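Shown next, in structure tokens, is the structure this report addresses.
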């Protein structure tokens, strides 16, 4: 009889569950659930870079997706040996002493500050700047040095500090804070205290400045200089962390009944989606895995002999075991990838929404049909026409910083820009410029890794953009001047989570062995085109010139 495992992957807009045959990685069932409250735009204010999500969206999604795949598969629940949960991050949630999210506690149900602070929430820019200034100026350890040397507003401590200053009621009621992956794991296992719960090494190391070199989280004296609340909170967090091949606990009786599983089902320590995706794509040394969705996360692993205690400047951290136990996981990424193209679509859709679809000439049925048709074909048509624009034609230069810059050298205050527009510029030209921009941003990440001694021989693309846009992937291959392999799996992060679950459940001895049996094959490979490479090297200089100008202007305006 086969053993089966479940990978649960929380993205920005939805959660997806997959039921995987542990013998061969075959996907038996899959289900997606979109966040109802998030789809309505509740608790968010994009103009203020505030993005919050209600925990009920995640709890309801977990139950809906897992019950669906278990029911449809007809697999004996006793054969489903393990579950692992991956999420976006850093996405911290305030909780009470029992580990219940404050948004589920009376009086906080509609308070955005009591909800999950999504990774792309940038309301904590000032707090991140304070952390960076203190790390460089105080007389103690620089706790940002294994985080790339720059702490981001997207991360754990900055977000907590911002909420604590903004909302005294939440500050008072929050006994502790948990990363999303830890919260969901804690919620479904047999009862344990927050003090005894195994927190994610991946989340703690990449986002909370946890490191073995200083025996855990930053020392209290450092945190106290930021705010006494953080020093007090430190004692209610954790000192040890755990990799995702380890057991967090077994499924609780309540959740076993709700999900149609058993209390013998192992639940692995949680992790982040990109790191799980890299495992699902069979990451190995010198292979850069690009997880391409609304943003990107770029993951690479290196042996301790290669990386030692050296630190890579301007990335999102290097953490022993955050991807594969025994290897150092390094993370970088772009704050906007698909989001940049989605923004452009929204801009161009404004006259359609405000003029065409508000017309009294059309019936409601016609408006609905028209909107569905336009939405379905919009990016496809833009892509086709942009692809036909010759590289020799006048193409504008754009920056990919529509949501700030994650790496290299985090700066969430940076803005996007266009240059080189003229009366001949059309939407396809601008779309091509945006595609170029996200690819140039990716190149800057590759260059930084190699400048710091981390060699990259292979690039692997996973995610919706990688599988659905040959135009973008060919452009990326040309800009990087490297072949790019595309993972076959639609759900590489969920598959990676399932691989961790298989190891935690004892089906495989280690993550590398499990990955060889269960990891995704590759469905396509894009080769650099020699003629295009030369032209893109010239376009790159325009991107670098515009980048320098915009960054200098931002510094002048500070």
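Annotations for the structure displayed:
- Verdict on residue 342 being over 25 Å from residue 83 (Cα atoms), within 19 Å of the chain's Cα centre (by Cα) and not in a strand (DSSP E or B): yes
- Selected residue (criterion: farthest from residue 190 (Cα to Cα)) from residues of region 227-252 that are out of contact with any strand residue (DSSP E or B) (no Cβ under 8 Å at 6 or more places or on another chain) and surrounded by fewer than 18 Cβ atoms within 10 Å (Cβ to Cβ): 228
- Single match in 363, 392 (criterion: loosely packed, with under 14 Cβ neighbours inside 10 Å, touching a helix residue (DSSP H, G or I) at 6+ places or on another chain (Cβ under 8 Å) and modelled with pLDDT under 95): 392
- Subset of region 135-164 [in a helix (DSSP H, G or I) and over 26 Å from the mean Cα position of the chain (by Cα)]: 136, 137
- Qualifying residue in region 127-137 (condition: out of contact with any helix residue (DSSP H, G or I) (no Cβ under 7 Å at 6 or more places or on another chain) and within 23 Å of residue 102 (Cβ to Cβ)): no
- Count - residues of region 100-121 that are within 18 Å of residue 184 (Cβ to Cβ) and not in a loop (DSSP other than H, G, I, E, B): 7
- So residue 276, is it closer than 23 Å to residue 518 by Cα and in contact with a helix residue (DSSP H, G or I) (Cβ under 9 Å, 6 or more places away or on another chain): yes
- Of the residues 445, 472, the single one that is out of contact with any helix residue (DSSP H, G or I) (no Cβ under 9 Å at 6 or more places or on another chain) and at pLDDT 95 or above is 445.
- Test set (1) touching a strand residue (DSSP E or B) at 6+ places or on another chain (Cβ under 9 Å); (2) within 20 Å of residue 274 (Cβ to Cβ) - residue 416 fails condition number: (2)
- Residues of region 516-529 satisfying the condition of being touching a helix residue (DSSP H, G or I) at 6+ places or on another chain (Cβ under 6 Å) and within 16 Å of residue 3 (Cβ to Cβ): 518
- Among (1) in contact (Cβ under 8 Å) with a residue 60 or more places away in the chain; (2) in contact with a helix residue (DSSP H, G or I) (Cβ under 7 Å, 6 or more places away or on another chain) - the single one residue 166 does not satisfy: (1)
- Selection of region 67-126 for residues being closer than 27 Å to residue 198 by Cα, crowded, with 18+ Cβ neighbours inside 10 Å and over 26 Å from the mean Cα position of the chain (by Cα) yields 70, 80, 81, 108.
- Any hit, region 69-76, residues being at pLDDT 95 or above and under 24 Å from residue 173 (Cα atoms): no
- Residue count, region 7-57 (criterion: touching a residue at least 60 places away in the same chain (Cβ under 8 Å), assigned to a strand (DSSP E or B) and within 20 Å of the chain's Cα centre (by Cα)): 10
- Which numbered condition residue 105 fails, given (1) out of contact with any helix residue (DSSP H, G or I) (no Cβ under 6 Å at 6 or more places or on another chain); (2) touching a residue at least 40 places away in the same chain (Cβ under 8 Å); (3) closer than 29 Å to residue 212 by Cβ: (3)
- All positions within region 475-490 that are within 28 Å of residue 244 (Cβ to Cβ) and out of contact with any helix residue (DSSP H, G or I) (no Cβ under 8 Å at 6 or more places or on another chain): 485, 488
- Selection status of residue 329, surrounded by 14 or more Cβ atoms within 10 Å (Cβ to Cβ), touching a residue at least 12 places away in the same chain (Cβ under 8 Å), on the phi > 0 side of the Ramachandran plot and not in a helix (DSSP H, G or I): no
The values are calculated or read from the model by the stated rules, or taken from the named source; none is laboratory data. Given the structure is predicted, the values throughout are model-derived calculations rather than measurements. Reconstructed Cβ throughout: ideal geometry from the backbone, glycine too, with neighbour counts over all protein chains shown.
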